[in-house]
Amino acid sequence: MSFYLTTAIDYVNSRPHLGTAYEKVTADVIARYKRLTGVETHFVMGNDEHSQNVYKRARDSGEDPLAYCDRMETVFRDVWSRLSVSFDDFIRTTEPRHKAGVQRLVQACRAAGDVYDGVYEGWYCVSCEAFKQEKDLEDGKCAVHLTQPEWIREKNYFFRLSRYQRPLLDYYAAHPEFIQPEVRRNEILRLVEAGLEDISISRAGQSWGIPLPFDGSSVVYVWFDALINYASAVGYGTDDEQFARWWPADLHVIGKDITRFHCVVWPAMLLSAGLGLPKQVFGHGWVHFKGQKMSKSLGTVVDPLDAADRLGADPLRLYLVKEIPYGGDGDFSWERFEERYNVDLANNLGNLVSRITSMAEKYRGLQVAPTALGPGRLAEVATDVLAAYIDAMERFALHEGAFAAFRLVDATNEYIAESAPWALARNPADAERLSQVLYDVAEALRIAAVLLQPVMPSASGEILRRAGETRDVSELRLARDAAWVADVPRTLVKGANLWPRLEPGRPDTTATATTATTETPVPNTPDWKPNAPAPEAPLADRPAESAGIDVPAPHAATTASAQPETALAPGHHQPATMPGSQVPDGERLSIDEFMKVELRVARILTAERVAKSKKLMKLWVDLGYEQRTVVAGIGAAYEPEQLVGRTIVIVANLKPAKLMGIESNGMILAASSDDGRPMLLSVEEGAQPGMKVR
Ligand code: MSP
């Protein structure tokens with residue numbers, strides 16, 4: 001089995017930004033996942049150099065265009081290496097192997113009768129590198145770049161795209177999986193059904209580009225040229241054996257703005273040349289900065305190296321994968337990045353690593369060994385999580401895969417809180433149980449690290465080492481090594497805290513985006529270690545075990561939810577303090593402010609008491625579109641069995657907060673009696689989970 005995947009090749013007129021990096025990182029996660037499953041993988045990326053903008057940019061700085069592209073290759077490679085992007089090959093469109101592939105494919109299309117000459121007259125947007133029709137313009141300007149397109153009239157060669165309307169529709173029908181996700185497929189279907197016009201594939205009188213094999217006075221249009229990289233990178237035009245080995249590609253990962261080129265033009269070119277069609281094109285969404293498009297002029301461009309320098313490449317990768325549903329659009333802000341770092345890494349995964357290694361050292365000299373008691377319930381959770389993870393990753397639902405891995409991390413932290421190893425250690429009669437708990441926790445952590453390997457390669461390697469894995473990460477295989485091992489003693493390894501928690505109010509937490517320049521230095525910090533040290537001892541190093549509880553991070557709520565201390569923490573219910581409703585007008589909420597609170601109907605699926613707490617109840621609730629954990633302070637008033645099946649209302653858009661080590665994702669609504677006893681609000685029969693409450 002083999003898998004050939006590619007990303008879009010980047011224009012080199014500016015250095016990579018977080019949006020282009022998002023694509024490379026997510027494709028890398030897919031490549032690493034495939035390798036982890038034992039599939040021979042060929043992952044290709046590269047640079048798109050024959051753009052007019054690149055030429056202009058080089059000339060403006062008085063540089064030879066090729067020398068400029070050489071320099072930019074180094075810049076791009078440095079960024080990708082710093083973000084741990086593990087491509088197998090990097091192609092540049094100025095390379096001779098690419099030129100050979102382009103000329104061969106253009107010839108093949110001409111031989112098929114699909115290339116003819118004519119005169120093109122119309123608009124051309126150099127920034128898009130695209131011919132524009134009047135209807136594409138807004139106030140005479142390119143709708144994307146808001147710049148005036150050029151009017152050109154020149155002898156051009158055209159490709160008979162119109163001929164491929166039917167074959168393409170047939171192909172889409174026979175291969176419904178070809179265009180992913182579904183929303184992109186529908187867009188393309190509508191577009192092709194509306195009819196296709198022939199397209200110009202050459203530019204006259206230009207020197208920067210690949211000459212047409214049959215007319216040296218014209219160069220191949222940059223998009224026609226660029227698409228062919230996917231074939232030339234695996235030997236088309238230079239190495240037939242290699243081409244036969246890898247072609248057709250299994251997956252092209254590209255942004256949603258260029259699906260038309262990849263799902264319409266590219267397959268038509270291949271059909272014309274008599275070549276096989278790629279098996280799948282995945283059009284991912286856009287990463288915005290604080291809700292705005294990344295744009296140099298708006299100052300909203302984030303340099304991925306700034307983000308990796310701030311907290312590490314692995315935390316950045318995790319953010320991009322876990323926080324943005326793959327296929328949809330997503331957002332980046334420094335605040336959110338730091339918040340997720342604290343919640344997922346400092347308080348959760350990093351804390352788990354510190355706790356198990358500390359406890360294993362303290363109680364068992366770092367040796368963890370299974371006992372006759374056999375594995376506890378974590379083994380079942382790990383098995384479920386592995387199945388969910390594989391299902392998600394096979395569908396390229398990368399965010400769901402990351403969530404699955406974190407479900408295991410959460411369950412393991414909860415298991416520690418419940419089984420209280422520090423209490424077991426006090427009683428010699430519990431020695432065997434203590435050994436088994438430590439073994440199970442270490443094993444669950446090991447499995448979580450295997451699952452997270454594609455997303456956080458560096459950190460995962462380090463966690464595996466600490467969990468007693470002695471093999472090289474490249475030797476690991478998902479099916480074998482993410483399965484529960486019940487009988488292998490291991491020696492754990494202690495080490496420095498992986499992710500010190502960030503304290504709120506650090507001076508640089510609200511930095512804005514920067515304009516990416518070619519000058520940014522490439523730093524060299526270890527991936528798993530943020531270079532922003534926490535000013536105080538991190539949670540993981542505090543003796544939480546001795547207190548018998550997993551201390552909720554006192555300020556995680558502030559970082560994670562930006563709520564004032566007096567506000568209700570998610571799941572907590574406090575007595576009403578405001579008599580009547582005599583709120584001065586100035587303090588009343590506007591309707592817009594109120595509408596920011598997302599109230600939704602939810603159904604309680606399971607309810608259990610949180611160990612060592614009288615008040616806290618852990619609820620697993622159904623919101624129709626998803627299920628999640630909510631921790632609520634209603635344990636003094638309700639028994640779990642009174643709650644299961646009830647339909648309630650929750651605040652669904654609160655930032656997560658940790659309570660007794662459990663991440664709560666919402667707050668349930670309840671009335672508060674004078675003595676502080678919570679009384680759940682009922683919802684009329686028929687209300688469905690997920691419905692909005694206004
Ligand atoms: N050179 C062409 C692609 C040719 S492929 C045969 C190109 N280059 S690009 O540099 O403009 O974009 C490279 C990739 O990054 C594209 O897939 C594009 O969609 C993606 N992204 C650019 N900005 C992005 C975001 N803000 N967010 C996510 N992806 C974005 O297009």
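The values are calculated or read from the model by the stated rules, or taken from the named source; none is laboratory data. Nothing here was measured: the structure is a model prediction, and the numbers come from that model. Note that we place each Cβ from the backbone using ideal geometry, even for glycine, and neighbour counts take in every protein chain shown.
Results, tabulated for the structure shown:
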{"item": "Filtered residues of segment 333-367 (kept if crowded, with 24+ Cβ neighbours inside 10 Å and either of a type in the set (Ser, Thr, Tyr) or within 29 Å of ASN186 (Cα to Cα) (or both))", "result": "TYR341"}
{"item": "So ALA671, is it free of Cβ contacts under 8 Å to residues at least 12 places away in the same chain and either basic (Lys, Arg) or in contact with a strand residue (DSSP E or B) (Cβ under 7 Å, 6 or more places away or on another chain) (or both)", "result": "yes"}
{"item": "ARG426 vs. criteria basic (Lys, Arg) and under 14 Å from ARG364 (Cα atoms)", "result": "yes"}
{"item": "Single condition VAL302 does not satisfy, out of (1) away from the ligand (no atom under 11 Å from the Cβ); (2) surrounded by 23 or more Cβ atoms within 10 Å (Cβ to Cβ)", "result": "(1)"}
{"item": "Qualifying positions in segment 56-90 - crowded, with 17+ Cβ neighbours inside 10 Å and modelled with pLDDT under 95", "result": "ARG57, ALA58"}
{"item": "Residue pairs meeting the criteria (Cβ under 9 Å; at least 6 apart or on separate chains; first on the phi > 0 side of the Ramachandran plot and of a type in the set (Asp, Glu), in segment 45-64; second modelled with pLDDT under 95 and within 16 Å of the ligand (Cβ to nearest atom))", "result": "none"}
{"item": "Unmet requirement for ALA496, which otherwise passes all of (1) buried (at least 16 other Cβ atoms within 10 Å of the Cβ); (2) closer than 22 Å to SER84 by Cβ; (3) hydrophobic (A, V, I, L, M, F, W, C)", "result": "(1)"}
{"item": "Count of segment 625-668 residues which are free of Cβ contacts under 8 Å to residues at least 60 places away in the same chain, of a type outside the set (A, V, I, L, M) and under 14 Å from GLU598 (Cα atoms)", "result": "1"}
{"item": "Residue that is nearest to the ligand (Cβ to nearest atom), among those in segment 239-249 that are part of a helix (DSSP H, G or I) and over 30 Å from PRO325 (Cα atoms)", "result": "PHE243"}
{"item": "Residue check for HIS252: within 16 Å of the ligand (Cβ to nearest atom), in contact with a Ser or Thr (Cβ under 7 Å, 6 or more places away or on another chain), not acidic (Asp, Glu) and not in a loop (DSSP other than H, G, I, E, B)", "result": "yes"}
{"item": "Among (1) farther than 19 Å from ARG82 by Cα; (2) within 14 Å of the ligand (Cβ to nearest atom); (3) polar (S, T, N, Q), the one test that ASN47 misses", "result": "(1)"}
{"item": "Selection within segment 1-20 - farther than 14 Å from ASP89 by Cα and out of contact with any helix residue (DSSP H, G or I) (no Cβ under 6 Å at 6 or more places or on another chain)", "result": "MET1, SER2, TYR11, SER14, HIS17, GLY19, THR20"}
{"item": "Qualifying residue in segment 274-283 (condition: modelled with pLDDT under 95, closer than 25 Å to ILE188 by Cα and assigned to a loop (DSSP other than H, G, I, E, B))", "result": "no"}
{"item": "Leading residue by the ranking (farthest from ASN53 (Cα to Cα)) among those in segment 1-31 that are in a strand (DSSP E or B) and within 10 Å of the ligand (Cβ to nearest atom)", "result": "THR6"}
{"item": "Positions within segment 652-690 being buried (at least 19 other Cβ atoms within 10 Å of the Cβ) and in a strand (DSSP E or B), in sequence order", "result": "ALA657, LYS658, LEU659, ILE662, GLU663, SER664, MET667, ILE668, ALA670, PRO678, LEU680"}
{"item": "Residue that is in a loop (DSSP other than H, G, I, E, B) and in contact with a Lys or Arg (Cβ under 8 Å, 6 or more places away or on another chain), where the choices are THR259, THR357, THR300", "result": "THR300"}
{"item": "Cross-chain or 6+ apart pairs with Cβ under 7 Å, segment 274-293 first and of a type in the set (Phe, Trp, Tyr), then within 15 Å of the ligand (Cβ to nearest atom) and modelled with pLDDT under 95", "result": "PHE289/THR300; PHE289/ALA513"}
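Quick grid of which residues meet (1) polar (S, T, N, Q); (2) under 23 Å from THR37 (Cα atoms); (3) under 34 Å from the mean Cα position of the chain (by Cα); (4) outside any helix (DSSP H, G or I):
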{"position": "PRO370", "(1), (2), (3), (4)": "no, no, no, yes"}
{"position": "ALA379", "(1), (2), (3), (4)": "no, yes, yes, no"}
{"position": "ALA392", "(1), (2), (3), (4)": "no, yes, yes, no"}
{"position": "HIS399", "(1), (2), (3), (4)": "no, yes, yes, no"}
{"position": "GLU432", "(1), (2), (3), (4)": "no, no, no, no"}
{"position": "TYR439", "(1), (2), (3), (4)": "no, no, yes, no"}
{"position": "VAL455", "(1), (2), (3), (4)": "no, yes, yes, yes"}
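Residue-by-condition table, conditions (1) farther than 30 Å from ALA397 by Cβ; (2) surrounded by fewer than 17 Cβ atoms within 10 Å (Cβ to Cβ); (3) not small (Gly, Ala, Ser):
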site	(1), (2), (3)
ALA143	yes, yes, no
VAL183	no, yes, yes
GLU193	no, yes, yes
ILE199	yes, no, yes
